[in-house]
Amino acid sequence: MKNKINFISTKLSNLNPQNNTHQSNLKRQYCTHQLEKAKEKQSTSSSAVSAYIEAVRELACELLDLLAEGLWVPDRSVFSRLIRDVDSDSIIRLNHYPPMPMLCQDKDSSPCNQNKVGFGEHSDPQILTILRSNDVGGLQISLNDGAWVPVTPDPATFCVNVGDLLQAMTNGRFVSVRHKALTNSSKSRLSMAYFAAPPPDARITVPPEMISPNKPALYKPFTWGEFKKAAFALRLGDSRLGLFRMECDEQVA
Ligand SMILES: O=C(O)CCC(=O)C(=O)O
Ligand SMILES: [Fe+2]
């Protein structure tokens, strides 16, 4: 969209001011009209995106407040406060998986029946992910036993992923989900993920009520900025929380 507007404005500025014929005026009016239309479209779509982001942020905050309440943490906004912060590092990602022909297991087996991986196995590093997709399947989550379970696509529902930070902030009570997305052989998959994250310098700690001699702290305190830096140095599928795990002799109640 940005390119489109740039293209039109470049054209406008390329009009020769010397050439003041009727035709050039018409062209100028047409281009101005196109530019106004494009600007209007851009502001409609950017306000739709802003409204969507605000709505999913509110949803993430409500879920986190309920979760804190369920964990008997007296300060129920202990998690959501990080997302409401003006410096929150939350982002939105749009994924497009064009149709891809299926893979064959080996060249003698037919028909080919394996969907190609569009987004490799990983857990989301942030606190919570609010994910929506079109009606094309592809998302799979990994169970404890390593089995992959497909998530039924439904454009009218949200899929909520626990991220690595929530695992750390709940001292392992909530576990970040490993997931991947496969491509479809004939249809495009579209997904939109809102990743709720704290400000880069926020310290990721566990509410004190969740630590006891029976449940010592599992992770060392760290900032989201430090965690992101560590994550970028690893591969997509690597477990990042392991880097911040307390050694047994360091665990404090
Ligand atoms: O497209 C999907 O369903 C998954 C996308 C995803 O896991 C991500 O963007 O982190
Ligand atoms: Fe993800």
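Below is a table of values for the structure above.
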quantity	calculated
Subset of region 165-183 that is buried (at least 20 other Cβ atoms within 10 Å of the Cβ), within 12 Å of ligand 1 (Cβ to nearest atom) and not β-branched (Val, Ile, Thr) - its residue that is farthest from Pro125 (Cα to Cα)	Leu182
Matching residues, region 172-197, being in contact (Cβ under 8 Å) with a residue 40 or more places away in the chain and either among the hydrophobic types (A, V, I, L, M, F, W, C) or in a helix (DSSP H, G or I) (or both)	Phe174, Val177, Ala181, Leu182, Leu190, Met192, Ala193, Phe195, Ala196, Ala197
Filtered residue count, region 73-98, keeping only those that are surrounded by 14 or more Cβ atoms within 10 Å (Cβ to Cβ), part of a loop (DSSP other than H, G, I, E, B) and touching a strand residue (DSSP E or B) at 6+ places or on another chain (Cβ under 9 Å)	4
Number of the exception - Asp89 against (1) touching a helix residue (DSSP H, G or I) at 6+ places or on another chain (Cβ under 7 Å); (2) more than 16 Å from ligand 1 (Cβ to nearest atom)	(2)
Cross-chain or 6+ apart pairs with Cβ under 7 Å, region 125-139 first and farther than 16 Å from Arg240 by Cα, then more than 9 Å from ligand 1 (Cβ to nearest atom) and among the basic types (Lys, Arg)	Val136/Lys187
Residue satisfying all of: in region 54-72; among the aliphatic types (A, V, I, L, M) and buried (at least 19 other Cβ atoms within 10 Å of the Cβ); farthest from the chain's Cα centre (by Cα) among these	Ala68
Matching residues in region 156-171 - criterion: being touching a residue at least 60 places away in the same chain (Cβ under 8 Å) and part of a strand (DSSP E or B)	Val160
Subset of region 160-194 that is among the hydrophobic types (A, V, I, L, M, F, W, C) and in contact with a Gly (Cβ under 7 Å, 6 or more places away or on another chain) - its residue that is farthest from ligand 2 (Cβ to nearest atom)	Leu182
Any chance Gly120 is within 16 Å of ligand 2 (Cβ to nearest atom) and surrounded by fewer than 16 Cβ atoms within 10 Å (Cβ to Cβ)	yes
Residues within region 116-155 that are near ligand 1 (Cβ under 10 Å from one of its atoms), of a type in the set (Gly, Ala, Ser) and outside any loop (DSSP other than H, G, I, E, B), tallied	3
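Readers should treat all values here as calculations from the given coordinates under stated rules, not as data from a laboratory. Because the structure is a prediction, the values reported are computed rather than measured. Positions of Cβ are backbone-derived with ideal geometry, glycine not excepted, and every protein chain shown enters the neighbour counts.
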